[in-house]
Amino acid sequence: MEEAGEGTMRIGELSKRVGVSPELLRAWERRYGIAHPSRSSGGFRLYSPADEAQVRRMRGHLARGASAAEAARLAGAHESEAHPPASVETAALGVGTVELAAALESFDDARAQLLLDKLFATYSLETFLTDVLLAYLNHLGERWEQGEVTVAQEHFATNIVRGRLFGLARGWDLGEGPRALLAAPPGEHHELALIIFGLALRRHGWRITYLGVNTPVEAMIDVAQALGPRIAVISATMQHTLWNYLHDLTELTHHVSVGLAGPGASDPVAAATGARWIDGDPVSAARTIAALK
């Protein structure tokens, strides 16, 4: 396994040192610009002592009661300080996303649908998926962890987003492009990122066969044998899930090329099964797979 260079560390080591999960570290990096890791030759994030210090400052401000956005600003890495002033378009996108969050978290279905319509009509699909839906879902997850939103608010919001995503997914199995089989194994209940990945991959001309969450690996094998997809992308949010199905996933790789994605995927489990590790957010991961055509 490729080692981190002197003075740098992989995300797992940083997670242990600062007491923040790898998933939340990635979310802080995407949402607020917390930490600026370099990349190893193998594509792994490498964090410096300065990155560690910044994460510790973020944690400290959160512990003193600051919101995630305020904690990031105080830690010196809020987006508005780390980058030049936003363009008018970017500012408008930010306002639209804030309005969407307010509608979703006040259980205003009609208002949320109108805002989703407006944002989808205004921006490209990739911008809508990345800067609206993924950005909101990441922020929602952080705020849920901090106790800033209720279970009811989180469920309502994710169900609205899920409905919109499946609306966009109609007909994604049509065409002549290569086919991708998408699924998550038993015990996995989070599917929004996997659907977003499928929509982004469809944008590159691929056909999507979606089995969803809690799918037995044996069923994935049956479908792979029947349809002959170019790749099966298996998503997991928990690391132990993929390790629990190591034998079955290895068997799946005998029938189809397999990619492992999501926070629960890693290079070690991919290597152990003969699969490919697909790192990055769902939209960038789709670009990686699209390049395999």
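Every number here is computed from the coordinates shown, using simple stated rules; none is lab data. Since the structure is predicted, the reported quantities are computational estimates derived from the model, not experimental observations. Positions of Cβ are generated from backbone atoms using ideal geometry, with glycine treated the same way; all protein chains shown enter the neighbour counts.
Structural remarks
- Qualifying residue in the stretch 204-221 (condition: over 29 Å from residue 11 (Cα atoms), free of Cβ contacts under 8 Å to residues at least 40 places away in the same chain and among the basic types (Lys, Arg)): yes
- Checked against the criterion of being hydrophobic (A, V, I, L, M, F, W, C) and in contact with an Asp or Glu (Cβ under 8 Å, 6 or more places away or on another chain), the candidates 256, 213 yield just one match: 213.
- Residue match in the stretch 128-146 (condition: surrounded by fewer than 16 Cβ atoms within 10 Å (Cβ to Cβ), among the β-branched types (Val, Ile, Thr) and closer than 18 Å to residue 105 by Cα): no
- Restricting the search to helices (runs of 4 or more DSSP H) fully inside the stretch 165-273 and requiring at least 3 residues that are aliphatic (A, V, I, L, M) and more than 23 Å from residue 128 (Cβ to Cβ) gives 217-227, 246-253, 267-273.
- All positions within the stretch 254-293 that are touching a Ser or Thr at 6+ places or on another chain (Cβ under 6 Å) and surrounded by fewer than 21 Cβ atoms within 10 Å (Cβ to Cβ): 263, 274
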